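Read the figures in this text as sums done on the coordinates, not as results from a lab. Keep in mind that this is a model prediction, so the values were computed, not measured. Every residue, glycine as well, gets a Cβ built from its backbone with ideal geometry; the counts of neighbours run over all protein chains shown.
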Amino acid sequence: MKRFKSLVLTVVAILLSAVVVAQELPQTLTLPSFVGDNMVLQHSSTVNLWGWTKPKAKVTVACDWVVGKPVKVKADAEGFWILPVQTLAAGYEPHTITIKSGKVVEVLENVVFGEVWLCSGQSNMEWLVRKTPDMRGDLKGELNKNIRLYNTGHTFAATPQNEVPVQKKHKAQWHVCSAKALASFSAVGYGFGKELQENLNVPIGLIDASYGGTCIEGWLSAEYLTNNPKVATAAKKLRNKKWRERISYLHNANIYPIRHATIAGVIWYQGCSNVSSCGTYQGLLSHLVKSWREEFRNPEMPFYIVEIAPHIYGGINGARIREAQAKVAAKTTNCEIVITNDQNQIPGDIHPPKKVDVAHRLAQCALGGFYKKTSAEFRSPAYKSMVVEGNSIRVHFNNVPTTLVQKGEGRINGFQLGIKDPANEKKLIFSLAEATIDGNTIVVSAEGVENPVAVRYCFNEDMGNVFSAEGLPLGAFRSDDKNNRSASARPYIEKPSEIAIKFECEGYTRSTFSANAELWANSGYVLSDEYPKEFEGFDLLLPTPVAKGQMSVGGRVTALADGKIYMFTSNAGQTRKAPWKLLTASYSRTAKDGKKRGTFWIVEREVKAGEIIELPKFKNNWGTAVLAKSIEE
């Protein structure tokens, strides 16, 4: 009897499911948001028009540029129909498409032929024009009406969607470039498209499919992962708590709905959220390129990658993501890397605020590599080989048509030399090094370093200042094997200012900046031995931790001479903003077990003698410690 009941329930469930499916089948002509007024179709190509109607119903499509009778196509059993159409050469003349099924007629107007590019990734691609200092002026000026914008919004889905999901404040559709549409569009995407339009003199269609804080695993299609079990296994190693249960969700809502479109290429700006799982990134990015080329039916589709900029990632994991991005670009046809290690205008900011340079470098890749409209070098200098010369290493590079140059005054930043670790043959010990440009090579040496075997450049979170004479930054690199996990030396710090300060505030405990110094009274936290030795012996005033919900005590600093003042803080987000500058990180340990417990930051600020500075206050935080060569209370 139980088996019979179970069988009955199963049959009922199947019947109910069939009813639901029947109810969900389209009963009238429906078009996706991508196939609409103002759209840009890839010129001189076979493109798709698609939609849904009553199952098995006929659909008639008339394009005003096609001579002869309208074309008829029959919908399948699910009501889906698709029709390949040949487009004309690029041009500004608007066209009309009339689509009819049953009694419903849809007339699409202001359709043009041009170049269509997909702009995808996470927050640096999503970063809006209205939030970008070097692009806000475009919102007030005369807008380029030959740029069309399509934005999928901020969306994801558990299953593949035929249409981009409608969100509370957003419905995907094509817009002729307007102040309102542009304000909420990708700044990098827009800057890229604007430069293409001005140089190619054709309409440009830009698709913004980006979502901040997302991992590459979310952008890979479920079907591709099913067909590639090894890739799926790598994707499941994702550590990000938010997205590890949402693999393919971003693809489902942003890419799958537009998969029938024909596009010229992709610009991709993502990687920050994969730093904690950097070991799998190179393979996943390579497969993303391959899978999207398959999905958009273009096996050699241009794919341009923007490397992640220097941030506050611990160790070399951020550098390993950049290395993976560069290796994919080097090994993949029609794939380029845009270097950004000069772009972090606010040290420690994960979102470099200026996007024009990034957009320009992307556009130069397209104009030089794909469209062949310029003969200028569009590839950044990249590591080629090294030769040991006594206690120095000479480095040779690719993509240097003339010579290398240093940007700015002072030392060449970011170089390190490695020697064999006598205690562990599998590891190297790296030291900060001095570098000298010699034509199109660089000679690297370090005081006290003999018999170097490896060289690194910006293989941490250092900012770079070496460029080709053509203006492109040297990409980060290491000569040692990619499987070598040896730590890089800490980024260079200038000798700290040794001015004395006067400090006024109650609730602070005096200490000295050195290994194992207590941090915050009765907290059990001590300064690890990985602290910046440049500040060894400086006076340190530590605030008492505040209770939950309370503000830290703050305080007032008076500079007793011209120079810099410093804070030691756990809140990099607030204190890295101008006029404070994020300088370097240190770590705390617990006195009990010696394990790392937190990251703390030294920030600096230029001051004049007699200048009075109020320290920032933070809620639910350890607060800010005061650091100076000498502190008067």
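Key figures for this structure:
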item	result
Qualifying lysines (Cα of each under 20 Å from Cα of Lys74; at least 8 residues distant if same chain)	Lys54, Lys56, Lys58, Lys100, Lys103
Other-chain or far-sequence residues with amide H under 5 Å of Phe459's (modelled H)	Phe477
Relative contact order, percent, segment 382-478 [alpha-carbon distance under 8 Å, six or more residues apart]	34 percent
Antiparallel DSSP beta bridges within segment 500-632, as percent of all bridges there, nearest 5	95 percent
Residue-count net charge about Pro496 - beta-carbon cut-off 9 Å; Lys, Arg +1, Asp, Glu -1	-1
Proxy reagent accessibility, fewest Cβ within 10 Å first, across Lys427, Lys194	Lys427, Lys194
Rotationally averaged projected area of segment 114-370 (alpha carbon convex hull; nm²)	12.6 nm²
Set Lys180/Lys617; Lys482/Lys619; Lys169/Lys194; Lys69/Lys372 screened for pairs whose C-alpha atoms are more than 30 Å apart	Lys180/Lys617; Lys482/Lys619; Lys69/Lys372
Cβ-based exposure ranking for Tyr281, Tyr531, in which fewest neighbours within 10 Å come first	Tyr531, Tyr281
Of all DSSP beta bridges in the chain, antiparallel share, percent nearest 5	75 percent
On Cα atoms only, tilt of 317-331 relative to the major axis of the chain in degrees	50 degrees
Karplus 3J(HN,Hα) series, Hz, for segment 430-438 with 6.51 cos²θ - 1.76 cosθ + 1.60 (x for Gly, Pro)	9, 10, 4, 9, 9, 10, 10, 7, 10
222 nm mean residue ellipticity, helices alone, for the chain (DSSP H n ≥ 4; -39,500 (n - 2.57); rounded to 500)	-5000 deg cm²/dmol
Charge dipole (segment 114-370, unit charges on Cβ, about Cα centre) - positive-most of Ala234, Gly141, Gly271	Ala234
Nearest-20 debye value, the chain charge dipole, Cβ charges on Lys, Arg, Asp, Glu	2640 debye
Dipole moment magnitude, nearest 20 debye, segment 114-370 about Cα centre, only Lys, Arg, Asp, Glu C-beta charged	740 debye
Karplus-derived HN-Hα couplings along segment 507-517 (A = 6.51, B = -1.76, C = 1.60, θ = phi - 60°), whole Hz, x at Gly and Pro	x, 10, 10, 7, 8, 10, 6, 6, 4, 6, 5
Global form of segment 464-508, assessed from the alpha-carbon gyration tensor, a/c cut-off 1.5	oblate
Förster-model FRET efficiency, 41 Å R0, Ile612 and Lys241, C-beta, rounded to 0.05	0.40
Peptide ranges 581-588, 155-162 listed from the most packed, as the mean C-beta count within 10 angstrom indicates	581-588, 155-162
Positive dipole terminus of the chain, leading residue within Ile204, Gly314, Val395 (C-beta point charges)	Ile204
Qualifying trypsin sites (Lys or Arg not before Pro) in segment 66-113, DSSP loop, other Cβ atoms within 10 Å at most 15	Lys103
Rule-of-thumb Rg ratio for segment 500-632 [Cα; 2.2 N^0.38 Å; N residues]	0.98
In segment 206-285, the GluC sites (Glu not before Pro) that fall in loop regions by DSSP, at most 12 other Cβ within 10 Å	Glu245
Inter-probe distance in nm under a simple model that places probes 7 Å from Cα toward Cβ, at Lys619 and Asn228	4.5 nm
Extended-chain gain in nm, criterion 0.36 nm per residue less alpha-carbon gap, Glu534 and Asp438	31.5 nm
GluC sites (Glu not before Pro) within segment 375-460: DSSP coil, no more than 13 neighbouring Cβ in 10 Å	Glu409, Glu447, Glu450
Acute angle (nearest 10 degrees) that the helix 2-24 long axis makes with the longest principal axis of the chain, alpha-carbon atoms	80 degrees
Whole-Hz ³J(HN,Hα) from phi, Karplus 6.51 cos²θ - 1.76 cosθ + 1.60, for segment 225-241, glycine and proline x	5, 4, 7, 10, x, 5, 5, 4, 5, 5, 5, 6, 7, 4, 9, 4, 4
Share, in percent, of DSSP beta bridges within segment 114-370 that are antiparallel, nearest 5	15 percent
Principal-axis tilt of helix 356-365 within the chain, Cα atoms, nearest 10 degrees	60 degrees
Charge dipole (debye, nearest 20) of segment 40-111; +1 at Cβ of Lys and Arg, -1 at Cβ of Asp and Glu	460 debye
Exposure proxy order (Cβ contacts within 10 Å, fewest to most) of Glu198, Glu106	Glu198, Glu106
Distant-in-sequence amide H partners of Lys384 (H built 1.01 Å from N, under 5 Å)	His396, Phe397, Asn398
Under-5 Å amide H pairs with Leu128, H placed in peptide plane, nonlocal only	Ala187
Using a Förster distance of 35 Å, the FRET efficiency for Asp64-Gln406 (Cβ separation, nearest 0.05)	0.05
From the coordinates shown, Kirkwood radius over Cα pairs in Å corresponds to which of [x] 25.7; [y] 27.7; [z] 26.9	[y]
Calculated SAXS-style log₁₀ I(q)/I(0) at q = 0.21 Å⁻¹ - segment 165-304, Debye, Cα scatterers	-1.42
Contour excess over end-to-end distance, with Cα ends at Thr599 and Ala179 and 0.36 nm allotted per residue	147.0 nm
